[in-house]
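Notes to accompany the following structure.
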Amino acid sequence: MGETDGSIGSEPTLEEQIAAYQREFQDLDPQVEKIVSALGRLNRRMNVAYGRQTAALGITNADWEVLKALVLSGPPYRMGPSDLAKRLGLTPAAMTHRIDRMVAEGLVTRERDESNRVRVIVELTPDGRAKWLEAMRLASVFEGDLLQDLSPEERTTLGEVLTRLLRRVEHAQPDAGGRLTDLD
């Protein structure tokens with residue numbers, strides 16, 4: 001394993017990683033491994049970048065996920081905690097903890113449903129919507145920079161290819177939309 005950026009303990013290049021894998025597992029398809037490893041590294045680095053952006057706004061990635069789910073639900077941006085938990089792949093206890101924190105921060109409200117007093121409704125607050133919009137603005141700038149070297153045609157092709165891969169995984173693993181463990 002060689003140095004990639006002069007720092008000790010730096011991550012090997014994709015080529016170094018694939019060479020090591022091939023050394024240990026001769027049946028490896030290097031073309032497939034390069035694609036999958038690049039996607040994994042890209043996903044990890046994008047998550048770090050998004051985490052830095054949300055932190056700068058005073059929210060967590062976990063908060064962002066709830067805000068996004070509420071926005072995606074459409075006006076009036078309300079959902080039940082169990083629906084939120086299911087959408088985010090969380091346990092009810094983890095969702096309750098997350099909602100408690102977000103209520104305290106003024107990002108969402110939690111009220112009893114007037115039509116069914118047993119049911120609780122979580123609703124996006126104006127401050128929560130403002131945080132979501134600012135996070136979207138920051139993400140748009142980051143994503144534009146990320147894709148700046150791709151032509152419109154390449155962006156279209158990449159989007160189509162990644163969507164096909166996503167559909168294949170979703171078909172093969174329909175229950176894999178959530179998390180293996182709660183991340184809070």
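Counting only Cα, what are the radius of gyration and maximum Cα-Cα distance Dmax of the chain, in Å?
20.3, 65
On the Cα set of the stretch 38-109, report Rg and Dmax in Å, please.
13.2, 40
Quick one: which residues, 5 or more positions from L90 or on another chain, have an amide H under 5 Å from its amide H? H modelled 1.01 Å from N in the peptide plane, none for Pro or chain starts.
none
Relative contact order (percent) for the chain, with alpha-carbon contacts under 8 angstrom and 6 or more residues of separation?
18
Quickly estimate the mean residue ellipticity at 222 nm for the chain, helices only: each DSSP H run with n ≥ 4 gives -39500 (n - 2.57), and the total goes over all residues, rounded to 500.
Calculated from helices alone, the mean residue ellipticity at 222 nm is -20500 deg cm²/dmol.
Read the figures in this text as sums done on the coordinates, not as results from a lab. None of the values given here were measured: they were computed from a predicted structure.
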